[in-house]
Amino acid sequence: MHELSIAQNLVEIANTAAQRANVQRVTAVRLQLGALAGVVKDSLLFCYDIASAGTLLEGSQLLIEELPVVIYCPQCQQTATLDTVQAFCCPVCGTFSNDIRQGRELEILSLEAEEDEHPTHS
Amino acid sequence: MSTPRILEIRRGVLEKNDILAHTLRDQFNAAHVLVINLVSSPGAGKTALLEDTLRRLIQAGHRPAALVGDLATDNDANRLARSGAPVRQIQTGGNCHLEADMISTHLTDWGLDLSQIEFLFIENVGNLVCPASYDLGEHVRAVVLSVTEGEDKPLKYPTMFHSADIAVLTKMDIAVAVEFDKPVALANIQAVHPGMMVMETSAKTGVGMENWIQHLITSRENTFALVAE
């Protein structure tokens with residue numbers, strides 16, 4: 001259960017970015033989560049509320065975009081999306097591939113925020 | 001009055017860990033220290049494997065050291081220190097995995113002179129989930145799987161098996177007794193990590209240990225482009 005630690009890292013990065021941008025309140029955080037990132041979505045959502053308490057992110061929504069694994073198949077010479085993480089083989093021809101093109105993401109994309117129209121310190 | 005606004009971030013959640021791991025790896029590279037991160041379930045035999053590995057490397061004239069992570073107790077460090085290698089315990093105080101800053105802090109406090117060692121083993125906390133996400137600056141991530149655990153473990157923990165560079169099967173001496181189905185286990189490992197090297201070992205009887213030791217020595221030579229000393 002390392003999702004609390006992940007949530008704390010996430011909140012720290014997002015909160016610092018919000019402070020630097022003179023944001024009053026963050027309403028949503030967008031995150032990409034790859035199937036190979038080793039992070040459980042529901043667990044992260046639960047921990048997010050705990051980790052964001054008392055920050056500019058308190059009460060905000062964590063919007064998680066889950067990304068499946070995409071491999072490059074050397075046989076078909078094209079990428080293929082996998083619906084499992086238990087067999088790294090091309091769904092078309094069955095060739096095994098370790099050439100991962102997507103699925104390891106654990107990345108904060110953006111924040112949605114509210115701010116004063118006339119910030120006092122900009 | 002407030003208006004909505006979108007702030008682009010595009011940053012990895014674990015970037016702090018990744019940056020520190022990169023710095024650590026630079027230090028290890030400069031000192032020609034091959035770092036091996038051992039990961040497994042609790043009870044897979046990491047400590048027994050490491051104990052015999054340290055002993056054999058020292059016998060062969062090499063200089064290994066070990067950092068051992070556990071939730072609590074320094075039992076493992078005491079056990080490993082009998083090999084004669086420098087060993088330090090990291091008590092994570094309940095944390096289920098090691099992070100790069102723990103490695104960095106402990107290396108500093110320990111005062112280990114990296115130029116005096118050739119191999120640094122990091123025995124991670126017994127856990128096949130959480131340690132997968134954290135780069136510790138290692139060159140080799142070795143996932144340890146004992147024959148008592150069930151052949152489908154790679155399928156249950158694909159992220160960890162996929163993130164590892166090598167799988168080390170342990171307790172091979174009791175494989176027959178526990179009806180370990182090796183072909184199935186190997187097929188499962190290949191399914192979640194095509195092409196991954198697998199070593200079969202028994203720290204108790206010594207079977208496969210020479211291959212493992214030789215693999216480590218060769219890996220270090222190849223990693224740092226050293227000629228055999």
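Per-structure values
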{"read-out": "Protection-proxy order for peptides A:12-22, B:125-135, each taking the mean of Cβ atoms within 10 Å per residue, highest first", "value": "B:125-135, A:12-22"}
{"read-out": "Nearest-20 debye value, region B:88-229 charge dipole, Cβ charges on Lys, Arg, Asp, Glu", "value": "260"}
{"read-out": "Distance in nm between pseudo-label sites at B:Ala187 and B:Asp109 (7 Å out along the Cβ direction from Cα)", "value": "4.8"}
{"read-out": "Proportion of all alpha-carbon pairs of region B:15-220 beyond 28 Å (%)", "value": "21"}
{"read-out": "Cα-centred dipole magnitude for the protein assembly as shown, charges only on beta-carbon of K, R (+1) and D, E (-1), debye, nearest 20", "value": "640"}
{"read-out": "Theoretical FRET efficiency, 1/(1+(r/R0)^6), r = Cβ-Cβ of B:Asp101 and B:Asp165, R0 22 Å, to 0.05", "value": "0.45"}
{"read-out": "Three-way shape call for region B:181-229 based on the alpha-carbon gyration tensor, with the a/c threshold at 1.5", "value": "oblate"}
{"read-out": "Label-to-label distance, nm, for residues given as A:Asp83 and B:Thr3 (7 Å Cα→Cβ offset)", "value": "4.5"}
{"read-out": "Ellipticity estimate at 222 nm from DSSP helix runs (n ≥ 4, -39,500 (n - 2.57)) divided over the protein assembly as shown, nearest 500", "value": "-10000 deg cm²/dmol"}
{"read-out": "Charge sum, other residues only, whose C-beta stays under 11 Å from A:Leu67's C-beta, Lys/Arg counted +1 and Asp/Glu -1", "value": "-2"}
{"read-out": "Long pairs among A:Lys41/B:Lys153; A:Lys41/B:Lys171; B:Lys16/B:Lys182, criterion Cα-Cα beyond 29 Å", "value": "A:Lys41/B:Lys171; B:Lys16/B:Lys182"}
{"read-out": "Least to most buried among B:Thr53, A:Thr27, B:Thr3 (fewest other Cβ within 10 Å first)", "value": "B:Thr3, A:Thr27, B:Thr53"}
{"read-out": "Residue order, fewest to most surrounding Cβ atoms within 10 angstrom, among A:Phe96, B:Phe121", "value": "A:Phe96, B:Phe121"}
{"read-out": "Tensor-based shape of region B:1-50 (alpha-carbon gyration tensor, a/c under 1.5 rounded, otherwise prolate or oblate)", "value": "oblate"}
{"read-out": "Measure of compaction for the protein assembly as shown (Cα Rg per 2.2 N^0.38 Å)", "value": "1.09"}
{"read-out": "Efficiency of FRET from Cβ geometry, A:Ile100 and A:Arg25, R₀ 56 Å, rounded to 0.05", "value": "0.90"}
{"read-out": "Three-way shape call for region B:155-218 based on the alpha-carbon gyration tensor, with the a/c threshold at 1.5", "value": "oblate"}
{"read-out": "17 Å Cα-Cα reach of B:Lys46 towards aspartates and glutamates, excluding residues that sit fewer than 8 places from it in its own chain", "value": "B:Asp70, B:Asp74, B:Asp76, B:Glu123, B:Glu138, B:Glu149, B:Asp165, B:Asp173, B:Glu200, B:Glu210"}
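No lab work stands behind these numbers, since they all come straight from the coordinates. If you're wondering where the values come from, they're calculated on a predicted model, not measured in any experiment. For neighbour counting, all protein chains shown are included, and Cβ atoms are generated from backbone atoms with ideal geometry for every residue, glycine included.
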